[in-house]
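Engineer: One structure is given below, represented as structure tokens, and several questions about it will come after.
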Amino acid sequence: MTSRNWMKRRRFSIRGRLKKMLKCIFSGEQVRVDEMIDSSESLATRDYSASGYSSRAGEPEPKVDKSNIEEAESSLRESGYLNYEEARALLGRLEYQKGNIEAALHVFEGIDIAAVTPKMRVSISRRGDYNRRHSQSDAAPTMSMHAVSLLFEAIFLKAKSLEHLGRFDDAAQSCKIILDTVESALPDGLPESFKTDCKIQETLNKVVELLPELLKLAGDFQEAILSYRRALLYHWNLEVETASKIQKEFAIFLLYSGVEVEELLPGTLERNDRYCILSLCYLGEGEDMVALNLLRNLFRNREHPDCILELMLASKICAKNEVCIEEGIGYACKALKESQRRCSQKASISNCLLGTLLSAKSRSVSSDSERTLEQSKALAALEASGRMMKDRDPFVVHQLCLENAEQRKLDIALYHAKQLLKLEAGASVKGYILLARILSAQKRFVDAETVINAALDQTGKWDQGELLRTKAKLQVAQDQLNNAIETYSQLLAVLQVQTKSARVGNKNRKSRGQHYKSLELDTWNDLANVYTSLSQWRDAEVCLSKSEAISPFSASRYHSNGLLYEAKGLHQDALKSFKEALNVEPNHVPSLISTACVLRQLGSGALPVIRSLLTDALRLDRTNPSAWFNLGLVYKSDPAASALEVAECFEAAALLQETAPVEPFR
């Protein structure tokens, strides 16, 4: 009974001292609590009057977080006192929980890390050495594990506070202190018994995960790689979910950080692997021609003539550049020849790349017969690719769909578009847009808009840009101009936020910012055209001024400006704007057609000049119905032209107009 009464008095004594200490902290008074905190080291006199926590007359006493009281009570039970660093750790956590980041950091910085680190190291070492701890039970640890847990959490929260303030280097150093302390105390890793100290284990999990992210934000990528390795190689007793997340982030980081492969010493990688990996790195950075030149150097080496993967990569790069189309066809044919006797999957991909290249070639040739021949070859190669695939590949299906759509085989294209959506489980915005464009070419505008609305419901707000633009164009095609204006306004609101968020960041994020700016430019021009068709000149001019602020020298802006002048009846000003557009972009098809139309209306241009402008437009875009129609008008007014030529032009215009999508298929 005596011992029980003593324990009860001891517990109430601890609670009493704790309440006095917390009253001291929150009131700003210097209350002496036995041997806990000396008045010369009182936290109240050093921080709290400055931090806005000094008590004022008539104010109610602030409420204290119960979790902080429990932590402090636990420390008091173990050691009999709460020292200066532990008190700061508790109060810093309280400030952090309230969202007072700077105040929390101010409190955390008062902890003498250098002084407590050796004590924590000894305590962790003794806690890890289970047998020794029991055999030397008379040797009390220099610091309780509750205190270690409290200080670890304080250092971690200090790192989070520094991260919030953008001081990534300092935050990383704080994390390293925790990991260095544990590693030096337990060189062989954390024993399983450490899992019982749930709070310490939880803090370690967070620190191990946070450190690489801080180093990446600080731009120290080499240290980030080392920290990832440290996280995965040392036995931290990480949870499965945490370890998996770190492995995934490390893999992604390595994937996007491979540009330093060119620093590898000769012999580290085989020549084929080195050139292939290096070209992939440059391709990922947008340096397509550098990547292609590396592959060309590889192909000159006769020691490795059978480079199927490298040949496929080279042909894929060539497909993006009109100048290299013929070269790419050669690479694709070689890859197909080598893969046919080895791997059907590689042969299928080679056929698909060959079909893509032949399709690109068909769009650049001037002869109708040659174009028809290349189109049939392209479609045959793509169909062969589809047949050879064991499992349907979304890329192959997408290319098949595009080629059939461009050749106006809309029913077949629609079938492939639906198959593509099934394969991708509706996860691709491009699949929805392609399906909507095919439906619009069939003049099923309501169905197309339904598809876009379904995509908008399943897509995050920040990925809706292209979908909203397509929806607006569908509404314009249905003469729902007010609805189109509302949709364009919604799109502009999204784009402006996206552009601002992408201004700061890495190269990939900035490239997305360029895409958003380009889409915003086109949207302002589209909106100006809608206002022009409604004869709302002032609104159209405002839109064009917004477009000019984004890009002063834009062919599409000059063209929209010309359309505005033309609608006002100012044909000379319109002609000037169209010519400015062609000065910026000589192959701008809408400006070529509009220039020809204005010259024909003014009657100031010779028929050969007008015909030349329209034939140039058709050379660049054979499926443009407006170019064919206006060329028919030119032939009709030319006495030397035959009636057959006129009829062919109007027939082509009518056929293409019946199957024209609201946006180009590609």
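Engineer: Let me make sure I get this right: for region 319-443, a, b and c are the square roots of the gyration tensor eigenvalues over alpha carbons, sorted descending. Under 1.5 in a/c it's rounded, otherwise prolate if a/b > b/c, else oblate. Which is it?
Structural biologist: oblate
Engineer: Further question on the same structure: Give, rounded to the nearest 20 debye, the magnitude of the charge dipole that region 284-439 has about its Cα centre when Lys and Arg contribute +1 at Cβ and Asp and Glu contribute -1 at Cβ.
Structural biologist: 420
Engineer: Starting with the fewest neighbours, write out V494, V365 ranked by other beta-carbon atoms found within 10 Å of each beta-carbon.
Structural biologist: Fewest-to-most ranking of V494, V365: V365, V494.
Engineer: Same structure again: Measure up K430/K473; K98/K248; K430/K471; K320/K346; K418/K443; K176/K199 against 24 Å on the Cα-Cα distance and list the ones that go over.
Structural biologist: Distance filter (> 24 Å) returns K98/K248.
Engineer: With θ taken as phi - 60° and the coefficients 6.51, -1.76 and 1.60, list the Karplus ³J(HN,Hα) couplings across region 515-520 in order, rounded to whole Hz; mark glycine and proline as x.
Structural biologist: In residue order, the calculated couplings are 4, 5, 5, 5, 5, 5 Hz.
Engineer: Name the shape class, rounded, prolate or oblate, that the alpha-carbon gyration tensor gives for region 584-666, where a ≥ b ≥ c are the square roots of its eigenvalues, rounded holds for a/c under 1.5, and otherwise prolate holds if a/b is larger than b/c and oblate otherwise.
Structural biologist: Taking the square roots of the gyration eigenvalues as a ≥ b ≥ c, region 584-666 is oblate.
Engineer: Given R₀ = 22 Å, FRET efficiency for N83-K199 by Cβ-Cβ distance, to 0.05?
Structural biologist: 0.75
Engineer: Give, as a single signed number, the net charge of other residues whose beta carbon lies under 12 Å from the beta carbon of R296, with Lys and Arg counted +1 and Asp and Glu -1.
Structural biologist: Summing Lys and Arg as +1 and Asp and Glu as -1 gives -1.
Engineer: Exposure proxy check: C333, C175 ranked by fewest other beta carbons within 10 Å?
Structural biologist: So the residues, fewest neighbours to most, are C333, C175.
Engineer: Using Cβ contacts closer than 10 Å as the measure, can you line up K422, K390 from fewest to most?
Structural biologist: Going from least to most buried by this count: K390, K422.
Engineer: With +1 on the Cβ of every Lys and Arg and -1 on the Cβ of every Asp and Glu, and nothing else charged, how large is the dipole of region 425-577 about its Cα centre, in debye rounded to the nearest 20?
Structural biologist: Its charge dipole is roughly 660 debye.
Engineer: Local charge sum around R392 (other residues, Cβ-Cβ under 15 Å, Lys/Arg +1, Asp/Glu -1)?
Structural biologist: Computed value for this residue: 0.
Engineer: Pop out the ³J(HN,Hα) list for region 595-601 in order, Karplus 6.51 cos²θ - 1.76 cosθ + 1.60 with θ = phi - 60°, rounded to Hz; leave Gly and Pro as x.
Structural biologist: Computed from phi, the couplings for region 595-601 are 4, 4, 5, 5, 4, 5, 5 Hz.
Engineer: Further, regarding this structure: How much FRET efficiency would the formula 1/(1 + (r/R0)^6) give for N483 and L620, where r is the Cβ-Cβ distance and R0 is 25 Å, rounded to 0.05?
Structural biologist: Working from the Cβ atoms, E equals 0.20.
Readers should treat all values here as calculations from the given coordinates under stated rules, not as data from a laboratory. Since we're looking at a predicted model, the values are computed, not measured. FYI the Cβ positions are ideal-geometry reconstructions off the backbone, even for glycines, and counts take in every protein chain you see.
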